[in-house]
Each structure stands twice: as structure tokens, then as C-alpha cells.
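Quick notes on the structure that follows.
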């Protein structure tokens, strides 16, 4: 249960009131009771409740009158009507007045508890999604501010140290929002009770947020002038992480294949894990852009070439336009196909790890990007 929900039980039959109160409290709910409608309205004036379990036939003020007041004054409060087994007319009338559901007396406690849980939890994924939707514009506005500061750099007298502090501060702030988004996505998955459509959407949110966090960490590291942290990386474990990050974000008409050379047993390559993930995911994003409208296949393969690990990203898309090929990895190239500063920075990142980024393409023949990184054992021996 995401929070301790508050329930008001209203019934003029004291034994039923006592039993219900005990059972609901044993399930973890916070419970208050009222013995008739008038007492219920007095309590509702003072306290807020998530749910009211409301009997219809009571002295002084009946359940219908209480229901009307609740829906007029506290519409966010849910109401479940407790009605006689054969009293279908009252049940229908209560639904028309806004009650979420009704339970017939004498009721089965298990059924009643299931109904209570369903009513209280059914809107939770939507509420979390609404909270999530409010975080995304905030993140976008902060990223936009960062872009505006960057675009005005050439005409600004701001010092490099001040600019770095600004970028680092904004990046840390945005990183926090991404953490919130990721946490919300995980909570929505739980609250959805494994509804497959919700789970799939949450996977996309989580992986996108995780990749964005990688990019922000890269930006933060850059502003703090930190060096890459090269470690020996197992290609199989690394491939699994790439698959975890990329696959949930693929459109349905794009297929992802991972190919690992069986001769790579006990072989590791030397690189900064997070930096390499950023580069590889950026290359896959470009392949997704190339194939989004037409569909196709993206193949990521790992193999040894001499003293290097070669990681290839192939797509069978239309290829890279001739006019930007020569400058693609050496300049900030703008293109409507999504190729540009991302690849320029990828090339710089690879160079910082003593690696190389190359590509092979032909119009109509697809594109293959090649990452070459030194093998850990080979590097140590030399």
C-alpha cells in the first residue's frame, strides 16, 4: 500500500461497526466510525477521508443525504454504499448520486476488503502519471535554460569557471528530477498490479530517464574537468546493460539483435563504462531515427580485432547523406536526420579513452558505426 488510507465507517448497527473497524485496521487502514449520518457529517467537517463506507438506512440523517453532501463538498472522497441484499433500487440510486460502488448485506468480509482496496488503489497509477507529467515540463525548462546559456556563450563575458558552475548546478538539478521520474515509474508499475501496457510504458520511461542521467553525469564530469575512469569491462555484461537500456525504447517495427563472438570468453576491454554506454546509446538513437518511419533491424556486435575490442552498430536504413560524411565526426554537423553534435562528441569521448569511432555507409546500403577500444589484457602487456 503506497500510503495509510483513512476510512470512515458509518453504520447504526454497532456489532457490524466494530467488526468492520477491527478488520480494516488489521489491513493497515486508519479507521474512524460514526453510528449515524448526522455524526458522520460532524466528523467529515473536521477530518478528511479517502473512503467512506456508508450504510443507507440510518436514523436522523440517512445514507443518501450523507452521500449527496460528500460528493458536493468533498468530491475527491470515495464512497462505497452498504445496502440490503435485495435492495437493488437503492444500489442503483446511490450510483447515480456518485457512489463508487456498493456492497450488499450481509456482506462477505473478504469481498468487502477486496472492494475497498480496488476503490482506493484504482486511481493510483493515474495519479502518479499526473505527478510524473508535472516533473517533465520542469526538466525541459531547465534543459532549455542550459541550452540558452550555451548558445549565448560566444557573445558573453561570463567567465569559464562561472559557466561551469552554472552548468553543473543545472545538471545536478535536472538529474534530481530524472531520479524522481524513474522512482515514479517504478511506483506506477507496482500500483498497476503488473498491467502489461503500463509496465511497458514504465520501462520506456525508466530507460529514457536512465540514459538521460548518463548524459547529465557526462556533462557534470566535463564541467568539473574530471578524467575518464577506465576499467576492465566484460563484453557480455555490458551487452546486457545496453539491451536493457535500448530495447524498451524501440518502436515496434524495429528489431534489435545482439551478437557476441563466442571467442570472447574471459576477454575484457578497457574503457570508462558510463562514457561507453553514452556513446553506444547515442549511436543506437541515430539508427532508430534512420529506421523510425520505414522499420528495419539494428544489430550490435562484439568481437576481437587484434588488440582491440570492436563494437559494431549496424542498421539497414538509407545510409548517411554524402554531403555530411567527411565532416561528420570532426565538426558540429546539423542534420534533420538526427546526426550532428552527438556524433562529434562521441568521437571526442572515444579519443579520451584511447579508442576510435569510425563508420561505413552507403546511400541505400545502411550504416555501420565501429567502436574500437583496447583489450584490457593487451593493454596491460604493452
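The values are calculated or read from the model by the stated rules, or taken from the named source; none is laboratory data. Quick caveat, the model's predicted, so the values are computed rather than measured. Reconstructed Cβ throughout: ideal geometry from the backbone, glycine too, with neighbour counts over all protein chains shown.
Yes or no, residue by residue, for (1) within 15 Å of residue 98 (Cβ to Cβ); (2) touching a strand residue (DSSP E or B) at 6+ places or on another chain (Cβ under 6 Å); (3) at pLDDT 90 or above:
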position: 22; (1), (2), (3): no, no, no
position: 26; (1), (2), (3): no, no, no
position: 34; (1), (2), (3): no, yes, yes
position: 46; (1), (2), (3): no, no, yes
position: 52; (1), (2), (3): yes, yes, yes
position: 60; (1), (2), (3): no, no, no
Which ones in region 23-46 are touching a residue at least 40 places away in the same chain (Cβ under 8 Å) and surrounded by 15 or more Cβ atoms within 10 Å (Cβ to Cβ)?
23, 24, 29
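Table: residues versus (1) at pLDDT below 90; (2) in a strand (DSSP E or B); (3) buried (at least 16 other Cβ atoms within 10 Å of the Cβ); (4) assigned by TED's automatic domain parsing to the domain that holds residue 209.
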{"residue": "290", "(1), (2), (3), (4)": "yes, no, yes, no"}
{"residue": "297", "(1), (2), (3), (4)": "no, yes, no, no"}
{"residue": "303", "(1), (2), (3), (4)": "no, yes, yes, no"}
{"residue": "309", "(1), (2), (3), (4)": "no, yes, yes, no"}
{"residue": "324", "(1), (2), (3), (4)": "yes, no, yes, no"}
{"residue": "329", "(1), (2), (3), (4)": "yes, no, yes, no"}
{"residue": "348", "(1), (2), (3), (4)": "yes, no, no, no"}
{"residue": "364", "(1), (2), (3), (4)": "yes, no, no, no"}
Considering each residue of region 210-243, count those that are assigned to a helix (DSSP H, G or I) and modelled with pLDDT of 70 or more, and give that number.
9
